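K.L.:
Before I ask anything, let me first share the structure, which is written out below as structure tokens.
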Amino acid sequence: MPATESRHRVRDVNVRMLRDGSGPPIVFLHGANGLPQWLPFFEQLAQTCDFLVPEHPGYGTSDNPAWLRNIGDLAMYYLDFLDGLGIDKVHLVGHSLGGWTAAELAVRSCARLASLTLLAPAGLRIKGILSGDLFMWSPDEAVRNVYYDQSIAERILALPMSDDDADIALTNRFTTAKFGWEPRWYSPSLERWLHRISVPTLVLWGAEDKIFPKDYAARWGERIANATVEIIPECGHVPMVEKAETTARKVLDLVGRS
């Protein structure tokens, strides 16, 4: 379990945040399903780092300000969030929607970043490479297509869902649609500004990703000058779940070098 669950306020926005550990600060930006439970991946990083997981505005029980209209707004919010932490520099890790947000933040300013890790980020579109569509899949398909290891999907699908859980899932889905519906899961301008990312960057991708195919990884590596690209075998869209130990080790290696 996380050591602390708190509320973090920046300007007019109050969000939930999980935090544990001490050492170099790492901020993790979650994906479209919302703030996850405290994962073994989080626990591994918190053993040697000050590990923070905020819930995006508009998700779960966090505030949903009227001005939050697109992924650029979310990136600007997180620039304020990092300023509000009172920490000189952090290691930023983002998964999927959170990876897209992290990249949008970094092209605007790397002043608060020591390093950047992108785990199967959304945000780019490559002609001829089809992506999965979370909005068109059934709830069952959405879970199964996230994982290479279907035993994980089976366990998740077998979990009972309370009324509160269902309400949060619906809230998360509405907010995700605001960010990722049109255009579908990418920003037309992001790719041409990725050269502005000036910190050491790691791009990690599951070889069996059905949402954003691993072919996208190379494009991120081409556009970010300081990027290292690694493909994790037998892994779907959530390497921090399916390959927690490997993913944690690679993140910590980057933190140690940055």
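The values are calculated or read from the model by the stated rules, or taken from the named source; none is laboratory data. For clarity, every value in this text was computed on a predicted model and none was experimentally measured. Please note: Cβ atoms are built from the backbone with ideal geometry, for glycine as well, and neighbour counts cover all protein chains shown. Just the protein is used for accessible areas: all its heavy atoms, side chains included, with ligands, DNA and RNA removed. Shrake-Rupley method; radii C 1.70, N 1.55, O 1.52, S 1.80 Å.
K.L.:
How much length is gained if the chain between Asn70 and Leu85 is pulled fully straight, taking 0.36 nm per residue apart and subtracting their Cα-Cα distance, in nm to one decimal?
P.N.:
Between Asn70 and Leu85, full extension yields an extra 3.1 nm.
K.L.:
Name the GluC sites (Glu not before Pro) in segment 212-258 that are in a loop by DSSP and that have at most 12 other C-beta atoms within 10 Å, would you?
P.N.:
Sites meeting the loop and neighbour criteria: Glu234.
K.L.:
Sticking with the crude label model, points 7 Å out along Cα→Cβ, report the distance from Arg249 to Trp137 in nm, one decimal please.
P.N.:
Result: 2.8 nm between the two label points.
K.L.:
Please list, ordered by chain and number, the residues whose modelled amide H lies under 5 Å from the amide H of Val229; skip anything fewer than 5 residues away on the same chain.
P.N.:
HN-HN under 5 Å from Val229: Val203.
K.L.:
Grab the Cα-Cα distance for Glu182 and Lys127, subtract it from 0.36 nm times how many residues apart they are, and report the gain in nm with one decimal.
P.N.:
Using 0.36 nm per residue and subtracting the Cα-Cα distance, I get 18.1 nm.
K.L.:
Tell me the per residue accessible area of the chain using a 1.4 Å probe; a whole number in Å² is fine.
P.N.:
On a per-residue basis, the chain sits at 45 Å².
K.L.:
When the helix-only estimate is applied to the chain (DSSP H runs of n ≥ 4, each -39,500 (n - 2.57), divided by the residue count), what is the mean residue ellipticity at 222 nm, nearest 500 deg cm²/dmol?
P.N.:
Calculated at 222 nm, the ellipticity per residue is -11000 deg cm²/dmol.
K.L.:
Antiparallel DSSP bridges in the chain: what percent, to the nearest 5?
P.N.:
Within the chain, antiparallel bridges account for around 30 percent of the total.
K.L.:
Cross-link candidates for Lys127: which lysines have Cα within less than 25 Å, leaving aside residues fewer than 8 places away along the same chain?
P.N.:
Lys178, Lys210, Lys214
K.L.:
Skipping prolines and chain starts, which residues have an amide H placed within reach, meaning under 5 Å, of the one on Lys214, given they are 5 or more residues away or on another chain?
P.N.:
Long-range HN contacts for Lys214: Asp209.
K.L.:
While we're looking at this one, here's another question. For a protection proxy built on the mean count of beta-carbon atoms within 10 angstrom, sort 12-25, 87-100 highest first, please.
P.N.:
Ranking the peptides 12-25, 87-100 by packing returns 87-100, 12-25.
K.L.:
Related question: Among the lysines, which fall within straight-line cross-link reach of Lys89, defined as a Cα-Cα distance under 25 Å, with same-chain neighbours fewer than 8 residues apart omitted?
P.N.:
Qualifying lysines at Cα under 25 Å: Lys250.
K.L.:
Could you pull out every whole DSSP H run in the chain that spans at least 18 Å of Cα extent along its own axis and averages 0.0 or higher on the Kyte-Doolittle scale?
P.N.:
Correct list, ordered by number: 71-85.
K.L.:
Stretched out fully, how many nm does the piece from Glu5 to Gln37 gain, at 0.36 nm a residue minus the Cα gap?
P.N.:
Value of the extension gain: 10.4 nm.
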